[in-house]
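Here is the structure we will look at.
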């Protein structure tokens with residue numbers, strides 16, 4: 001956990017977790033590691049009530065009610081007692097870069113529009129699970145203020161209880177204890193060719209479909225929904241590369257975060273994910289869609305495994321634990337990490353895909369909620385990112401990019417339709 005300046009919980013400060021260390025180093029004028037989660041209710045949002053809900057709910061999440069500070073060797077998060085954050089009307093090009101000094105130094109933003117409540121958070125605070133706990137709890141408090149008796153449960157936390165100590169921990173450091181550190185493949189992947197849009201232009205395309213419909217389709221291939229949608233995205237990227245007729249084909253790879261809480265017990269609301277990279281190498285020959293599904297299924301079975309994942313996070317933790325790294329000044333750490341990410345890590349995938357999974361709510365909250373959305377935010381480089389989430393029988397696939405072309409999205413949704421899945425498309429490109 002963190003160090004503290006006093007015994008009071010409100011005075012705790014938090015060293016950035018193992019994943020969070022990277023995100024501030026990538027900060028640019030036109031890029032921040034910001035993601036967005038939203039819930040669509042069945043009645044229009046009342047902003048004054050929403051603001052009261054924020055003021056009540058946020059103190060329950062001390063690792064989100066913070067400001068970023070910079071030390072000589074490391075960054076850390078300190079309690080933020082400034083006014084805010086204040087709810088705002090939503091904007092068309094969301095997930096804007098997030099300055100550490102703006103917005104009264106808060107690293108979250110809350111928007112509303114019609115029936116939607118949206119939370120944007122800097123990834124240094126936590127991953128989608130932590131952010132979704134905050135959004136669900138905030139929504140429950142909002143509904144209670146409207147007079148609805150909403151129970152606690154699932155991602156709805158009790159705002160009258162202090163946080164459990166595990167919610168605040170850097171869980172990576174607890175579980176990074178494998179006896180071997182597996183090496184990582186670093187071969188350069190295919191990168192999408194596209195026309196960069198002007199600064200602050202953020203395109204989203206949402207595909208809305210039936211969970212049952214997608215599940216039945218995935219079952220025909222004897223794979224899970226996550227494996228199926230990964231296969232569809234790999235298929236779309238392969239088709240896109242083939243249309244470009246490159247001089248040299250490259251492997252097509254997807255960067256997919258895995259929620260480590262599924263394998264290592266922790267209630268942490270901070271980052272606790274690692275990346276796996278399902279891939280297809282077209283240099284080995286042409287792959288049918290059925291072959292892609294089998295390849296992805298076998299990859300997931302092998303790599304998404306407790307023992308392999310423990311080795312992976314041990315590899316990640318080794319650098320931070322090294323005694324010489326600890327005494328290197330922060331500006332040198334930033335320089336090395338930024339260059340490694342730009343020259344190696346960012347080139348290791350063609351697109352990003354995350355599946356937040358099934359959203360479960362207390363029974364008395366369900367009648368008020370229509371659906372959820374999740375966006376991975378502005379990509380670091382020219383590419384498209386894909387995020388998936390489901391609630392009841394609604395599954396949404398949310399694409400986000402800063403390029404003009406939509407070839408990958410069109411190929412992706414066309415493949416779904418070809419497989420018999422009915423898709424409703426929404427986009428800010430059409431508004």
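Okay, here's what the table says:
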{"item": "Search result, residues across the range 334-348 that are touching a residue at least 60 places away in the same chain (Cβ under 8 Å) and surrounded by 13 or more Cβ atoms within 10 Å (Cβ to Cβ)", "result": "334, 337, 338, 341, 347, 348"}
{"item": "Residue satisfying condition, being modelled with pLDDT under 95 and over 27 Å from residue 28 (Cα atoms), within set 372, 430", "result": "430"}
{"item": "Filter result (at pLDDT 80 or above and either farther than 15 Å from residue 71 by Cα or buried (at least 20 other Cβ atoms within 10 Å of the Cβ) (or both)) within the range 1-20", "result": "12, 14, 16, 17, 18, 19, 20"}
{"item": "Among the residues listed as 375, 391, the single one being touching a strand residue (DSSP E or B) at 6+ places or on another chain (Cβ under 7 Å) and more than 24 Å from residue 212 (Cβ to Cβ)", "result": "375"}
{"item": "Where residue 290 falls short, out of the listed (1) within 30 Å of residue 22 (Cα to Cα); (2) not in a loop (DSSP other than H, G, I, E, B)", "result": "(1)"}
{"item": "Which numbered condition residue 194 fails, given (1) touching a residue at least 60 places away in the same chain (Cβ under 8 Å); (2) in contact with a strand residue (DSSP E or B) (Cβ under 8 Å, 6 or more places away or on another chain); (3) farther than 20 Å from residue 377 by Cβ", "result": "(3)"}
{"item": "Single match in 255, 219, 236 (criterion: surrounded by fewer than 19 Cβ atoms within 10 Å (Cβ to Cβ) and either at negative phi or over 18 Å from the mean Cα position of the chain (by Cα) (or both))", "result": "219"}
{"item": "Selection within the range 185-209 - farther than 19 Å from residue 233 by Cβ and not in a loop (DSSP other than H, G, I, E, B)", "result": "196"}
{"item": "Given (1) assigned to a loop (DSSP other than H, G, I, E, B); (2) touching a residue at least 24 places away in the same chain (Cβ under 8 Å), number of the condition residue 247 does not satisfy", "result": "(2)"}
{"item": "Hits in the range 379-393 - residues which are part of a strand (DSSP E or B), in contact with a helix residue (DSSP H, G or I) (Cβ under 7 Å, 6 or more places away or on another chain) and more than 18 Å from residue 31 (Cβ to Cβ)", "result": "386, 388, 390"}
{"item": "Options 48, 78; residue that is within 30 Å of residue 335 (Cα to Cα), modelled with pLDDT of 90 or more and out of contact with any helix residue (DSSP H, G or I) (no Cβ under 8 Å at 6 or more places or on another chain)", "result": "78"}
{"item": "Per-region count, the range 322-333, residues assigned to a helix (DSSP H, G or I), surrounded by fewer than 17 Cβ atoms within 10 Å (Cβ to Cβ) and in contact (Cβ under 8 Å) with a residue 12 or more places away in the chain", "result": "2"}
{"item": "Every residue from the range 338-360 that is over 15 Å from the mean Cα position of the chain (by Cα) and not in a loop (DSSP other than H, G, I, E, B)", "result": "338, 339, 340, 341, 342, 343, 344, 345, 346, 347, 348"}
{"item": "Residue identified as surrounded by 19 or more Cβ atoms within 10 Å (Cβ to Cβ) and under 19 Å from residue 300 (Cα atoms) among 225, 205", "result": "225"}
{"item": "Residues of the range 398-424 classified as within 19 Å of residue 377 (Cα to Cα), in contact with a helix residue (DSSP H, G or I) (Cβ under 8 Å, 6 or more places away or on another chain) and surrounded by fewer than 15 Cβ atoms within 10 Å (Cβ to Cβ), total", "result": "0"}
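So that you can scan it fast, the table gives a plain yes or no per residue for (1) without any contact (Cβ under 8 Å) to a residue 40 or more places away in the chain; (2) in contact with a helix residue (DSSP H, G or I) (Cβ under 7 Å, 6 or more places away or on another chain); (3) buried (at least 16 other Cβ atoms within 10 Å of the Cβ); (4) under 20 Å from residue 29 (Cβ atoms):
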site: 70; (1), (2), (3), (4): no, yes, no, yes
site: 74; (1), (2), (3), (4): no, yes, no, no
site: 83; (1), (2), (3), (4): yes, yes, no, no
site: 120; (1), (2), (3), (4): no, no, yes, yes
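The values are calculated or read from the model by the stated rules, or taken from the named source; none is laboratory data. What you see is a predicted model; the values in this text were computed from it and never measured. Every residue, glycine as well, gets a Cβ built from its backbone with ideal geometry; the counts of neighbours run over all protein chains shown.
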